[in-house]
1. Tell me the mean residue ellipticity at 222 nm calculated for the chain from its helices only (DSSP H runs of n ≥ 4, each -39500 (n - 2.57), averaged over every residue, nearest 500).
2. Exposure proxy check: 47, 29 ranked by fewest other beta carbons within 10 Å?
3. Over what distance in Å are the Cα centres of region 9-24 and region 120-188 separated?
4. For 18, 99, 90, what's the fewest-to-most ordering of other Cβ within 10 Å of each Cβ?
5. Relative contact order of region 2-181, please, whole-number percent, based on alpha carbon pairs below 8 angstrom and at least 6 residues apart.
6. Averaging sequence separations of C-alpha pairs under 8 Å and six or more residues apart, then dividing by the length of region 1-97, give the relative contact order as a whole percent.
7. Which of 33, 145, 68 has the fewest other C-beta atoms within 10 Å, and how do the rest follow up to the most?
8. How would you classify the chain from its alpha-carbon gyration tensor, with a ≥ b ≥ c the square roots of the eigenvalues: rounded for a/c under 1.5, else prolate if a/b is greater than b/c, otherwise oblate?
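What follows is calculated from the coordinates using simple rules that are stated; it is not laboratory data. Just so you know, these numbers come straight off a predicted model, no measurement behind them. Note: ideal-geometry Cβ built from the backbone for every residue, glycine included; neighbour counts use all protein chains shown.
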C-alpha cells in the first residue's frame, strides 16, 4: 500500500500529501512504525485488518512515485492487483472518498507515473477529496498549499474514515469496500 505525497517539511501539511497522512493514520491504527528506508521510500511491514502489508511513503517527488512503488512491488513480488494507492483528488470535495479498481490517471501525475512503471492501471485507488481551487485558480499552487483552517478542523475525521476505507478493502475486498464507502459523506 502506498500513500502519495511529496517529501520534506515544505510539503508536510499540504493537500497533495493527504495520501501520506492517510497511510500514517493506517500505520498508527495498526501500531506500525514507518521507520524503515528502502525503495526510495520510508516504509513499515506488519498486519492491517488481518493482512500482511507493507505501508510505503515514496520519498521521490509525486510525479516520480512509480519509481518507488515499482521497486517495492518487484522486491515484494506483489502484483499490481495487490496494490492499494492512496492519493488526493481535486475532483472530489474536501473529505469525500472514492475507492476505485483500475482506470486511468485522471490527470494525477503520481498515478500517471505508477501506471507507466507498472505497465498497467490495474490497482486499487483510495481517492481522498481535497476540493478544487476557485475557478481560474492555479491547481498546482492549490494542491501544494496547506489545508484551510476549516479543513484542518475536520482533517482528523477525514483521515480516520480514509484509514477505515483502506482497512475495509483489505478485510472485505474492493467491491464491498466501494459499496460501503463510495456513497458515504465523511464530512459529518
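1. Values: 6 runs with 71 residues, N = 188.
Counting only the DSSP helices, I get -11500 deg cm²/dmol.
2. On the way: 47 12, 29 16.
Going from sparsest to densest Cβ surroundings: 47, 29.
3. Going from one Cα centre to the other spans 12 Å.
4. Working: 18 28, 99 23, 90 20.
The order, fewest Cβ neighbours first, is 90, 99, 18.
5. Details: 357 pairs, mean separation 47.1, N = 180.
Relative contact order comes out at 26 percent.
6. Numbers: 157 pairs, mean separation 34.5, N = 97.
Answer for region 1-97 is 36 percent.
7. On the way: 33 11, 145 14, 68 25.
Fewest to most other Cβ atoms nearby, the residues stand as 33, 145, 68.
8. Values: a/c = 1.37, a/b = 1.20, b/c = 1.14.
Verdict is rounded for the chain.
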